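Asker: Pasting in a structure now, in structure tokens, and then I'll have a few things to ask.
The values are calculated or read from the model by the stated rules, or taken from the named source; none is laboratory data. A quick note: this is a predicted structure, and the numbers were derived from the prediction, not measured. Methodologically, a virtual Cβ is constructed for each residue, glycine included, from the backbone with ideal geometry; neighbour enumeration extends over all protein chains shown. The area values use the complete protein model at the heavy-atom level, side chains included, leaving out ligands, DNA and RNA. Shrake-Rupley method; radii C 1.70, N 1.55, O 1.52, S 1.80 Å.
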Amino acid sequence: MPPILEARGLTKRFKTTQALAGLDLTADRGQVTAILGPNGAGKTTFIRMVATLLLPDEGTLTVAGIDAIKEPDKVRRAIGLAGQSAAVEGAMSGRENLVLVGRLFGHDTRQAKASAEVVLDLLDLTESADRLVRTYSGGMRRKLDLGASLVGAPELLLLDEPTTGLDPRSRNDLWDAIRSLVAAGTDVLLTTQYLDEADQLAARIAIIDQGKVIAEGTPDELKSKAGNDVVEVHVADASELDRAIAALAPLGCERPRVDRPTRSIAVPVERGSAQLLEAVRLLDGLNLAVSDIGLRRATLDEVFLALTGRPAESEPDPEADGSATTDKRRRSRRAAA
Amino acid sequence: MTTANPTVTADPTRTLDLPRPTRPAGALTTALGVARRTVLRNIRNPQVFVLGMVQGAMFLLIFRYVFGGAITTNGIRYVDFLVPGFVGTGVLFAGMTSSIGAAEDLKEGFFDRLRSLPVPRIAIVSGRVVADTILATIGLTVTTVVGFAMGFRTSAPLGSLLLAVALCVFAAFAFTWMFVLLGIMAGNPQAAQGIGILVFPLTFVSSAFVPVESMPGWMQAFASNQPLTMIVNATRAFTLGDVDAVRVLGHPASYFAVRSLFWCALFIVVFAPLAARRYQRG
Ligand SMILES: Nc1ncnc2c1ncn2[C@@H]1O[C@H](COP(=O)(O)OP(=O)(O)O)[C@@H](O)[C@H]1O
Ligand SMILES: [Mg+2]
């Protein structure tokens, strides 16, 4: 069987913006493939192309072996799309929404109703099925939107940032729903800005930046490339920052990243807690006052920094504009040898 | 990373108990489905919907009782002049609502969802247009009822009245293609509000509320030939009967009706393909 998705050299330009700049991606069947990237990386553009809403300027794209450029209608029969905004109708009940989309997928009324029932049950929405969707919480709307993309039993589900803007509980809920889909044999291509989301759900992750895949692999492969845990230390006294950097540098698997204004040092490490303890001992031995020390997982920003040498610009730094942040971090990378 | 990786891969023994449809939905199913949803979206928002109706009734009252006294209409009562005009302008105001609705569909991802489905493209936009035509028809029915309540009377035969209604409904259908196109081009509901810039001059520089003869000459040239005036005068002529119509408006109903139909056909021929094209791949 051909892979569920194969993209080669996709490009797309909107006036002055190169949204996709030669994107290559293969997604295998039977798994979740995540596209991870900051705002503006081209995730939505790519998803819309796979969903046959947008034509590439160049490149080839097949879905389940079907040419998406030449035979969009066949591709539409193989996919279900849940776009970046939950496209469910607030003035209809959850059930009515699913029946409508089921009918449009091609079910007759009876089958559309039956499929809606299955989906409501799967997503735990049966109790709210007859309420108007405008009374739903954001998480429920998202789930229903996922359900709507599902009622036609597509081979490939396309989910564009399915959990952006959700509270942690709804996010977990939705993750569970997505996992159960895959377990039941539906392939999923999702985009996300969150490293942990990709890590939680996906068998393979493609990191994209400026319309190109810049790294691709299993979560473990990527983590070993770029996303190590980080020991983060805030020293109490700015004058001791350099001493602390010198002491901690040998611990890390990469050069520490230093943010002088906040007196913080981030040391990427390979063996997590063991090295946290070591860092505590080292600093204690030097009698160096620390206001905070801890171990945390790498952020998307850090993965980006490691892969591209510049941070992801998804969330603007509230204290500085993007370019200043970039400069600052570049300098600190050089400074911290 | 510290947590175990709970990645799930397919378990071939489990399948989601959902059949795959054997063939995609046809054009009629699609158009009706989209239309039903769009009508429900409007009438299940009673605050907005009823407010719209109340607002229309209020304007009718204001024109009738505030401006009406100062406007002379060639020997027929102002209320008999005004109500058909008001029904006709309803077409444009419904059009504004449909622009905003189309922009909302675009912004909220409903268009994308529809266009990702294996349904005929033309049926998607048709569904939208059919819904907007139904909504406009509801609006003009309400206006007519309020008009009668305010003292509008006609001695025209039922056949003429039905022709008047049919013409207004057809005009709503024809204009909606343009408004849907404008709404999609606007891209978001706020920008779509701006289409009022087009609607207001068309509405007021017409024969809807005052006889065009009261306007300055250069304005009359536009006012007496623009499409809304034709539709409004056709509606008016149907309710007045041809004798009064010729005296008050200068021509019989057929004169205005033919010109209205010409405009409507022009709107459909120009704007329907343009609107439909917006539903293709970008
Ligand atoms: N319709 C459009 N017109 C102009 N620019 C666009 C359009 N869609 C996307 N872009 C631009 O293309 C780039 C990629 O956008 P997008 O695919 O939405 O990124 P993401 O979903 O990863 O945030 C951005 O710079 C965005 O501003
Ligand atoms: Mg996006």
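Asker: Mind listing whichever residues of the range A:60-76 are within 11 Å of chain B (Cβ to nearest Cβ) and either buried (at least 19 other Cβ atoms within 10 Å of the Cβ) or touching a strand residue (DSSP E or B) at 6+ places or on another chain (Cβ under 9 Å) (or both)?
Answerer: A:A68, A:I69, A:P72, A:K74, A:V75, A:R76
Asker: From B:T97, B:T89, B:T73, which residue is assigned to a helix (DSSP H, G or I), more than 14 Å from every other protein chain (Cβ to nearest Cβ) and touching a residue at least 60 places away in the same chain (Cβ under 8 Å)? Please lay out each step first, then the result.
Answerer: Details: B:T97 fails: touching a residue at least 60 places away in the same chain (Cβ under 8 Å); B:T73 fails: assigned to a helix (DSSP H, G or I).
From the options B:T97, B:T89, B:T73, the qualifying one is B:T89.
Asker: Could I ask something else about it? Pairs, please: C-beta under 8 Å, at least 6 apart or cross-chain, first residue touching a residue at least 60 places away in the same chain (Cβ under 8 Å) and in the range A:181-200, second more than 16 Å from ligand 1 (Cβ to nearest atom) and aromatic (F, W, Y)?
Answerer: A:E197/A:W175
Asker: Out of A:D237, A:D199, report the one residue that is away from ligand 2 (no atom under 16 Å from the Cβ), among the acidic types (D, E) and under 22 Å from A:L159 (Cβ atoms).
Answerer: Numbers: A:D237 fails: under 22 Å from A:L159 (Cβ atoms).
The conditions single out A:D199.
Asker: Pick from B:V180, B:V169, B:V205, B:V165: which is among the β-branched types (V, I, T) and farther than 23 Å from B:S126 by Cα?
Answerer: On the way: B:V180 fails: farther than 23 Å from B:S126 by Cα; B:V169 fails: farther than 23 Å from B:S126 by Cα; B:V165 fails: farther than 23 Å from B:S126 by Cα.
The match here is B:V205.
Asker: Let me ask you something else. Inspect the range B:264-271 for any residue being touching a Phe, Trp or Tyr at 6+ places or on another chain (Cβ under 9 Å), of a type outside the set (V, I, T), over 30 Å from B:R77 (Cβ atoms) and open to solvent by 10 Å² or more (accessible area, probe 1.4 Å) and give the result as yes or no.
Answerer: Just the residues of the range B:264-271 that are touching a Phe, Trp or Tyr at 6+ places or on another chain (Cβ under 9 Å), to begin with: B:264, B:267-268, B:270-271.
The next check asks that each one be of a type outside the set (V, I, T); those that pass are B:264, B:267, B:271.
Cutting the leftovers down to over 30 Å from B:R77 (Cβ atoms) gives us B:267, B:271.
Filter again for open to solvent by 10 Å² or more (accessible area, probe 1.4 Å), leaving B:267, B:271.
Scanning the range B:264-271, I find at least one residue that is touching a Phe, Trp or Tyr at 6+ places or on another chain (Cβ under 9 Å), of a type outside the set (V, I, T), over 30 Å from B:R77 (Cβ atoms) and open to solvent by 10 Å² or more (accessible area, probe 1.4 Å), so the answer is yes.
Asker: Go through the range B:163-203 residue by residue and tally those that are farther than 20 Å from B:A234 by Cβ, in contact (Cβ under 8 Å) with a residue 40 or more places away in the chain, part of a helix (DSSP H, G or I) and out of contact with any Pro (no Cβ under 9 Å at 6 or more places or on another chain).
Answerer: Looking only at the range B:163-203, we keep the residues that are farther than 20 Å from B:A234 by Cβ, and these are B:179-198, B:200-201.
Next cut, in contact (Cβ under 8 Å) with a residue 40 or more places away in the chain only: B:179-189, B:191-193, B:195-196.
Subset that is part of a helix (DSSP H, G or I): B:179-186, B:189, B:191-193, B:196.
Narrowing further to those that are out of contact with any Pro (no Cβ under 9 Å at 6 or more places or on another chain): B:179-182, B:184-186, B:189, B:191-193, B:196.
Adding up the residues that qualify gives 12.
Asker: Looking only at residues in the range A:18-31 that are modelled with pLDDT under 95 and not charged (D, E, K, R), which one is farthest from A:A64 (Cα to Cα)?
Answerer: Residue satisfying both the conditions and the ranking: A:Q31.
Asker: Shifting gears a bit: Can you name every residue in the range A:19-53 that is more than 8 Å from ligand 1 (Cβ to nearest atom) and open to solvent by 10 Å² or more (accessible area, probe 1.4 Å)?
Answerer: A:A21, A:G22, A:D24, A:T26, A:D28, A:R29, A:G30, A:Q31
Asker: Do we have A:G165 as more than 22 Å from A:D28 (Cβ to Cβ) and more than 10 Å from chain B (Cβ to nearest Cβ) here? Break it down stepwise before answering.
Answerer: Working: more than 22 Å from A:D28 (Cβ to Cβ): yes; more than 10 Å from chain B (Cβ to nearest Cβ): yes.
Criteria met by A:G165.
Asker: Please enumerate the residues belonging to the range B:108-150 that are touching a residue at least 12 places away in the same chain (Cβ under 8 Å), more than 30 Å from B:D80 (Cα to Cα) and not in a helix (DSSP H, G or I).
Answerer: Residues satisfying the conditions are B:L117, B:P118, B:V119, B:P120.
Asker: Restricted to the range A:1-18, and to residues that are without any contact (Cβ under 8 Å) to a residue 60 or more places away in the chain and within 16 Å of ligand 1 (Cβ to nearest atom), which residue is nearest to the other protein chains (Cβ to nearest Cβ)?
Answerer: Of everything passing the filter in the range A:1-18, A:F14 is nearest to the other protein chains (Cβ to nearest Cβ).
Okay, residues lined up against (1) touching a residue at least 60 places away in the same chain (Cβ under 8 Å); (2) facing chain B (nearest Cβ under 7 Å); (3) surrounded by fewer than 22 Cβ atoms within 10 Å (Cβ to Cβ):
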{"site": "A:E58", "(1), (2), (3)": "no, no, yes"}
{"site": "A:A78", "(1), (2), (3)": "yes, no, yes"}
{"site": "A:L81", "(1), (2), (3)": "yes, yes, no"}
{"site": "A:V88", "(1), (2), (3)": "yes, no, no"}
{"site": "A:M92", "(1), (2), (3)": "no, yes, yes"}
{"site": "A:L104", "(1), (2), (3)": "no, yes, no"}
{"site": "A:H107", "(1), (2), (3)": "no, yes, no"}
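Asker: Out of the residues in the range A:109-121 that are surrounded by 24 or more Cβ atoms within 10 Å (Cβ to Cβ) and out of contact with any Lys or Arg (no Cβ under 8 Å at 6 or more places or on another chain), state the one that is farthest from the other protein chains (Cβ to nearest Cβ).
Answerer: For the range A:109-121, the residue satisfying everything is A:V119.
Asker: So for the range A:154-169 (the condition being part of a helix (DSSP H, G or I), open to solvent by less than 40 Å² (accessible area, probe 1.4 Å) and either within 16 Å of ligand 1 (Cβ to nearest atom) or in contact with a helix residue (DSSP H, G or I) (Cβ under 7 Å, 6 or more places away or on another chain) (or both)), does at least one residue qualify?
Answerer: If we filter the range A:154-169 for residues that are part of a helix (DSSP H, G or I), which is where we start, we get A:168-169.
When the remaining residues are screened for being open to solvent by less than 40 Å² (accessible area, probe 1.4 Å), the result is none.
The answer is no; no qualifying residue exists.
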